[in-house]
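No value in this document is a laboratory result; all are computed from the given coordinates. Nothing here was measured: the structure is a model prediction, and the numbers come from that model. Cβ: placed from backbone, ideal geometry, glycine included. Neighbour counts: every protein chain shown.
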Amino acid sequence: MKQFLNTWSLVIIVGLLGIFFAYPAFAHEGHMMMHNHPYPKMEFSEEKGKNIYAKNCASCHGQNGDGKSPVAAALNPKPTNFLDLKYMPMRSRVDHYEAIANGRAKTTMAPWKNILSENDIWNVVAYIEHLFNHQNDVKSKR
């Protein structure tokens, strides 16, 4: 009987751990459903995103995505720092897409959905992720 209880206890613990570690995936899916905007099936182009970012985003968010630019100094709140180790892991691709497409309330971030195509916005998202994932490369070039 004791071995039976130990076995079931182990099964329950492993099951709960599985749910616990799978929760971020479920939460992310829920987030996508909440915004009703699944990831596109197309390939992202960091290179296209880089060009669009340089033309439209860098003046506020900085050439390197660090949120530092001459314009940023005058803005309140400051533009997002895409190299921020606390901020970026908490945001999904959908979060970035939504912020670019629809702007952000109580900030100077304007909506770009009537200026940039959906593909262009996704390419900028890819480039923003590239900046974050390769920030050590950017720092070493300075």
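Data overview
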quantity: Using a Förster distance of 35 Å, the FRET efficiency for Glu43-Arg104 (Cβ separation, nearest 0.05); calculated: 0.80
quantity: Förster radius 25 Å - calculated FRET efficiency between Asp95 and Ser59 (Cβ-Cβ, nearest 0.05); calculated: 0.70
quantity: 14 Å beta-carbon shell around Glu47, net charge (K/R +1, D/E -1); calculated: -1
quantity: Mean shadow area of segment 72-142, taken as a quarter of the surface of its Cα convex hull (nm²); calculated: 5.5
quantity: FRET efficiency for Ile115 and Lys86, using Cβ-Cβ distance with R0 set to 22 Å, rounded to 0.05; calculated: 0.15
